[in-house]
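What follows is a short report on a single structure.
The values are calculated or read from the model by the stated rules, or taken from the named source; none is laboratory data. The model shown is predicted, which means the values in this text are computed figures rather than measured ones. Counting neighbours? That spans all protein chains shown, and the Cβs are built from the backbone with ideal geometry, glycine included.
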Amino acid sequence: MKVVIMGCGRVGSTLAAMLSEDGHDVTVLDKTADAFRRLPADWQGKRHVGNGIDQDVLARIGVGDADAFIAVTQGDNRNVMATQAAKHIFGVKRTLCRIYDPIREEMYKELGLETISPTIAGANLLKDLLDNPPAPVSAESAGSDA
Amino acid sequence: MYVIVIGGGKVGYFLARELMQEMHEVLVIELDSVKCERIAEELGDIVLRGDGCEATTAELAGFGRADMVIAVTGDDEDNLVSCQLAKTKFSVPRTVARLNNPKNEKIFRLLGIDTTVSATAAILAQIEQELPTHQMIPLLKLKAGLELVGVKIPPDAKVIGKELKDLLLPHGTLLVLTVAKDGATRVPTGDSTLQPEDEVVAVTRPENEEALRLALTEP
């Protein structure tokens, strides 16, 4: 599958490495070349410097041929705008978008994007952890011979 | 009318002032506290400090009863999201967005923003009118994707002397006015003829612009 990832931060670079490992054809886009330092040392995929809300940039890096577009920059609005361009202008089938603001996330889900709000997901994980404390690993239990 | 302006920079400030003079109820939403203070000082208590892309701010601002939301920040992605929020969550009847990058017009239109305004495109169009080499100048965008354009008839154009009803113009194009070299204006009819250096004002579609230019200017 041909995947374009916009934003090479922690999530973007980790995801790029994972997908590349799985054998996908991955292109990474970021506003600064400096961000590519987060990619694995032996990165084989493509990388481009440019702003993903600029349609000329999206055209140049071949978003029209992509099977999936994933926006994970720090800016909710940038993610939303680029993803909608990928979907409605370039006809990309899978358009995934990270949106921190949960209300905005819900809205764009209704508008047809595949959205994730790490705010809700993170809060849920923390709440789960608080509600279900891990069993303490004590010297007794570790060494007990019942 | 209740009009909400998003962005309290130069454009937002002057727009708010203009709307107030026309007796509209106006609210400006601006994130920066210094800009908020300036607007409050000069225009009164019409400013809300907050993010116009956030649903909670929108609720507080009364998007639900707004007749119009106009987003004029310096970032197209923010203007887009504010207008989409206004449309989809609050059913605001009319949304207007400022475009900083004229290229974004298509995506804004596809996503249902009612009107876009691009300062860059407006300035370019105005300068183009002053360039003598330009045979066709965009004058005004009309509704339903139509456009008003001006075409200057070059002295060697093959249309000169022909009756308008015999011209092959692109489908849906209408010649509405001719201005002769001496400034005489005429509403053209089927048997009117064009003279060298006439200026023709026409209604057409952007995709037919080039065909119209060729039809009227080719030697």
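Residues in segment B:43-68 that are touching a residue at least 12 places away in the same chain (Cβ under 8 Å) and assigned to a helix (DSSP H, G or I): 9 in all. Scanning segment A:87-107 for residues that are assigned to a helix (DSSP H, G or I) and facing chain B (nearest Cβ under 10 Å) yields A:Lys87, A:His88, A:Pro102, A:Ile103, A:Arg104, A:Glu106, A:Met107. Scanning segment A:108-130 for residues that are in contact with a strand residue (DSSP E or B) (Cβ under 9 Å, 6 or more places away or on another chain) and either part of a helix (DSSP H, G or I) or within 14 Å of chain B (Cβ to nearest Cβ) (or both) yields a count of 7.
Considering segment A:1-77, the qualifying strands (runs of 3 or more DSSP E), each wholly inside and each with 2 or more residues that are without any contact (Cβ under 8 Å) to a residue 60 or more places away in the chain and surrounded by 20 or more Cβ atoms within 10 Å (Cβ to Cβ), run over A:25-30. Among the numbered conditions (1) over 22 Å from A:His88 (Cβ atoms); (2) basic (Lys, Arg); (3) touching a residue at least 60 places away in the same chain (Cβ under 8 Å), the only one that B:Lys10 does not meet is (3). Total residues in segment B:79-93 satisfying the condition of being out of contact with any strand residue (DSSP E or B) (no Cβ under 6 Å at 6 or more places or on another chain) and in contact (Cβ under 8 Å) with a residue 40 or more places away in the chain: the figure is 0. Restricting attention to segment B:107-119, report how many residues are under 13 Å from the mean Cα position of the chain (by Cα), surrounded by fewer than 17 Cβ atoms within 10 Å (Cβ to Cβ) and within 14 Å of chain A (Cβ to nearest Cβ). Summing the residues that are under 13 Å from the mean Cα position of the chain (by Cα), surrounded by fewer than 17 Cβ atoms within 10 Å (Cβ to Cβ) and within 14 Å of chain A (Cβ to nearest Cβ) in segment B:107-119 gives 1. For B:Asp191, the test of being of a type in the set (D, E, K, R) and outside the structural domain of B:Val69 (by TED's automatic domain parsing) is passed. Mind checking whether some residue in segment B:136-143 is farther than 30 Å from B:Asn100 by Cα and touching a residue at least 24 places away in the same chain (Cβ under 8 Å)? Checked segment B:136-143: no residue is farther than 30 Å from B:Asn100 by Cα and touching a residue at least 24 places away in the same chain (Cβ under 8 Å). Can you say whether B:Val176 is touching a residue at least 60 places away in the same chain (Cβ under 8 Å), assigned to a strand (DSSP E or B) and either surrounded by 12 or more Cβ atoms within 10 Å (Cβ to Cβ) or among the β-branched types (Val, Ile, Thr) (or both), as far as the supplied structure shows? For B:Val176, the condition - touching a residue at least 60 places away in the same chain (Cβ under 8 Å), assigned to a strand (DSSP E or B) and either surrounded by 12 or more Cβ atoms within 10 Å (Cβ to Cβ) or among the β-branched types (Val, Ile, Thr) (or both) - is not met.
Go through segment B:94-106 residue by residue and tally those that are touching a residue at least 12 places away in the same chain (Cβ under 8 Å) and either assigned to a helix (DSSP H, G or I) or among the basic types (Lys, Arg) (or both). Steps first, please.
First pass over segment B:94-106, keeping only residues touching a residue at least 12 places away in the same chain (Cβ under 8 Å): B:94-102, B:104-105.
Restricting the remaining residues to those that are either assigned to a helix (DSSP H, G or I) or among the basic types (Lys, Arg) (or both) gives B:94, B:98, B:102, B:104-105.
Within segment B:94-106, residues that are touching a residue at least 12 places away in the same chain (Cβ under 8 Å) and either assigned to a helix (DSSP H, G or I) or among the basic types (Lys, Arg) (or both) number 5.
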